[in-house]
Amino acid sequence: MSGFSINWLDLREAADWRARDDKLLKQARKWLTSSFALETDKTVVDFGAGTGSTLRAFADALNTDLQALCWRLLDQDPGLLAEARLRHGHSHRLETYELDLAKISALPLADAHLITASALFDLVSAVFVDTLVVALQSQQPPAGFYAALNYDGTTIWTPAHPLDDVVLEAFNRDQQRDKGFGVALGPGAGSYLEREFSAAGFKVFVAASPWVLNGADSKLVDALISGIADAVAQGSTIDTASLQDWIEFRKANIVIGTCIVGHTDLLALPDAD
């Protein structure tokens, strides 16, 4: 899986924070805190943890830290994990693991009560999801699963440009390239997760969590435009001059324009019955 910089993760966090479905996040928190005896230590395993964005989202929803809650942060980037320890090592119980997330059999999932991830599962393959579902089913008790900010393939810009749909189509194709887990689910991640967890007997809850960006998010939108253009340029049939025109138009309208990027949040809970 390709790495992400601290700067990029920090740049997107405010938009991620606004986009997360609040009801689903609170439902995940409620299940985590009520599904086991209060005196029982609870472990949350966060895939692709980065600097701890999911931890911060849960901490805000909890309002107060649970002393029995342990966060097991998994990432392949030692720099991101070091930053997570710097930010949260004094206030939370942390375990950090630098490893290859694609090797599910080697992941420290034992005793996990909840598996979490943010902006990750559109990068993984169907095989990865299938293997993870089986792993979570086999645990006793089975672990819950919360995946936020799964890209759904939709992006709406204002003002419009004639190439918006063409660029989006090319970008969505790029999202299905192998990102280190096999052929990526890309925009189909949310629907695939919902189908597979439902088929495995989990109770599945889904909510929209779009980025809604405007001039106040100009730095993020600027980086987003550049990132989309870089991805499209790698394998698109759009000619260089046309793509450059799209880039210049989009960047010229960052302050007055808007951008909505579709995502979905998903919570899958073991059926107590």
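The values are calculated or read from the model by the stated rules, or taken from the named source; none is laboratory data. A quick note: this is a predicted structure, and the numbers were derived from the prediction, not measured. Don't worry about glycine lacking a Cβ; one is built from the backbone with ideal geometry, like all the others, and counts go over all protein chains shown.
A few remarks follow.
- For the residues A233, A229, the requirement of being of a type outside the set (K, R), at pLDDT 95 or above and either farther than 16 Å from P159 by Cα or part of a helix (DSSP H, G or I) (or both) singles out A229.
- Residue within segment 112-132 that is surrounded by 20 or more Cβ atoms within 10 Å (Cβ to Cβ) and free of Cβ contacts under 8 Å to residues at least 40 places away in the same chain present: yes
- Filtered residues of segment 181-222 (kept if in a helix (DSSP H, G or I) and more than 21 Å from W17 (Cβ to Cβ)): G186, P187, G188, S191, Y192, L193, E194, R195, E196, F197, S198, A199
- The set of residues in segment 147-168 being part of a helix (DSSP H, G or I) and in contact with a Gly (Cβ under 9 Å, 6 or more places away or on another chain) consists of L168 alone.
- Only listed residue being within 21 Å of the chain's Cα centre (by Cα) and hydrophobic (A, V, I, L, M, F, W, C), chosen from I238, I247, I260, I254: I260
- Restricting segment 217-268 to residues that are hydrophobic (A, V, I, L, M, F, W, C), surrounded by 12 or more Cβ atoms within 10 Å (Cβ to Cβ) and in contact with a Pro (Cβ under 9 Å, 6 or more places away or on another chain) leaves a set whose member that is farthest from V204 (Cα to Cα) is F249.
- Members of segment 169-219 found to be among the small types (G, A, S), under 23 Å from D271 (Cβ atoms) and in contact with a strand residue (DSSP E or B) (Cβ under 8 Å, 6 or more places away or on another chain), listed by number: A189, G190, S198, A207
- Segment 236-255 - residue that is part of a helix (DSSP H, G or I) and touching a Leu at 6+ places or on another chain (Cβ under 8 Å) and, of those, farthest from A223 (Cα to Cα): S242
- Where helices (runs of 4 or more DSSP H) fall entirely within segment 1-73, those with at least 3 residues that are modelled with pLDDT under 90 are at 22-34, 53-62.
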